[in-house]
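Down below is the structure, laid out as structure tokens.
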Amino acid sequence: MVKLEELAGKCGEWLRGSGPHSDIVVSSRIRLARNVADFPFMRKCTGLDRASIERSLRERLGQIAGWENVSYINVNSLDETDRQFLVERQLISRELADADGSRGVLVDAGEKFAVMMNEEDHLRIQVMHSGLDLQGAWERINLLDDQIEARATYAFHERLGYLTACPTNVGTGMRVSVMLHMPALVLTRHLERVLRSLHRISLAVRGLYGEGSQAMGDFYQISNQITLGKSESELIAQVAEVAEMLIEYERKARTYLVENGLKELHDRVSRAFGVLCTAQTISSEETMSLLSSVRMGVNLGLIRDVEIPTVNKLFIHTQPAHLQKLRGSPLKTADRNIERALYLKDHLRQRPQDEHPENN
């Protein structure tokens, strides 16, 4: 059983700040929805059904060769803070955190992949890579899917494809998404127009924590909405093409800001960095906004004493549940704001040579 306190002090692979276009694309994620043919869909399941699904899948997947370093977390046994911690870490969805009854998640040691049990579907398999690396994510999840299918018979229809609880997932059962950091498009007030165009081509735009979440820190997740009638390669190509377009728009917006408002931009970035380094108390929302400016400043060469992996880590580690796990005790809102300010000062005042994110 993995200890969440040990996870809290580390960073998953998707926060490495490496990979293609990682200055703008934080991560690439592919998720597969699968159901086991032996059981009814989740909405028809009784409490006993849920327990049987969880127990059966845990036993079968525990026998997969090469999964010796994969840990199981019983989500049903966790308190609210621990469940929120896993949501903040992108290892489970809000829906799984808020559900009732038997449910869990398998997580590999490097947090390269996670397998949720008893969410909307029996299985939700996800892989996250740093930067724009959808092809690499697809190769990894395709192998995982084959390993799981060798142990569990999927609900599959010859004409329709994989059968899922939500009709929009029928077919490949695949959701392809990229998380982009686009502060320059926000500052130049071009983002809304760009995002409206995505809705017209059936792409969803969500916040940092996926469905139902608001955009924070200028992070946006772009993903396909419908899988039926499209192959895996077509879905990957569609999202990759749009991601590259958004990268180009964001780069142009950053260039515009540098060429037409360097003093104002430098002042914005410097003020954000100064507040984060000196604040005595600070909220999660303000932290996200200021870190967004700092991250852009680092990528534009306006801040040289901080590395991107450190900033990426701070976006996650300063969230409420993470702060409490790192502290080792529950914290009220006011106390969290003080603890957050201390944590930010400790990490932002370090020089790059003093911190080795890959070991954190």
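The values are calculated or read from the model by the stated rules, or taken from the named source; none is laboratory data. Just so it is clear, the structure is predicted and the values come from calculations on it, not from any experiment. Neighbour counts run over all protein chains shown; Cβ positions are idealised from the backbone, glycine included.
Looking across segment 293-326, the residues that are outside any helix (DSSP H, G or I), in contact (Cβ under 8 Å) with a residue 40 or more places away in the chain and either of a type in the set (Asp, Glu) or more than 19 Å from LEU185 (Cβ to Cβ) (or both) come down to ASP305, VAL306, GLU307, GLN319. Here GLU139 does not qualify as farther than 21 Å from CYS11 by Cβ, part of a loop (DSSP other than H, G, I, E, B) and at pLDDT 95 or above. Pick from segment 283-292 the residues that are assigned to a helix (DSSP H, G or I) and of a type outside the set (Val, Ile, Thr): which of them is nearest to LEU180 (Cα to Cα)? It comes out as SER292. Inside segment 253-282, residues that are surrounded by 14 or more Cβ atoms within 10 Å (Cβ to Cβ) and either within 26 Å of the chain's Cα centre (by Cα) or assigned to a helix (DSSP H, G or I) (or both) make up a count of 17. Determine whether HIS122 is farther than 25 Å from ARG58 by Cβ, buried (at least 16 other Cβ atoms within 10 Å of the Cβ) and touching a residue at least 60 places away in the same chain (Cβ under 8 Å). Answer is no for this residue. Of the residues SER213, SER197, the single one that is assigned to a loop (DSSP other than H, G, I, E, B) and modelled with pLDDT under 85 is SER213. Summed over segment 200-210, the residues that are at pLDDT below 85 and surrounded by fewer than 18 Cβ atoms within 10 Å (Cβ to Cβ) give a count of 5. Restricting attention to segment 193-209, does a residue exist that is aromatic (Phe, Trp, Tyr) and touching a Leu at 6+ places or on another chain (Cβ under 7 Å)? No, because not a single residue in segment 193-209 is aromatic (Phe, Trp, Tyr) and touching a Leu at 6+ places or on another chain (Cβ under 7 Å).
This table checks each residue for (1) touching an Asp or Glu at 6+ places or on another chain (Cβ under 9 Å); (2) under 26 Å from ARG295 (Cβ atoms).
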residue	(1), (2)
GLU13	yes, yes
GLY17	yes, yes
ALA37	no, no
LEU57	no, no
TYR72	no, no
THR81	no, no
ARG103	yes, no
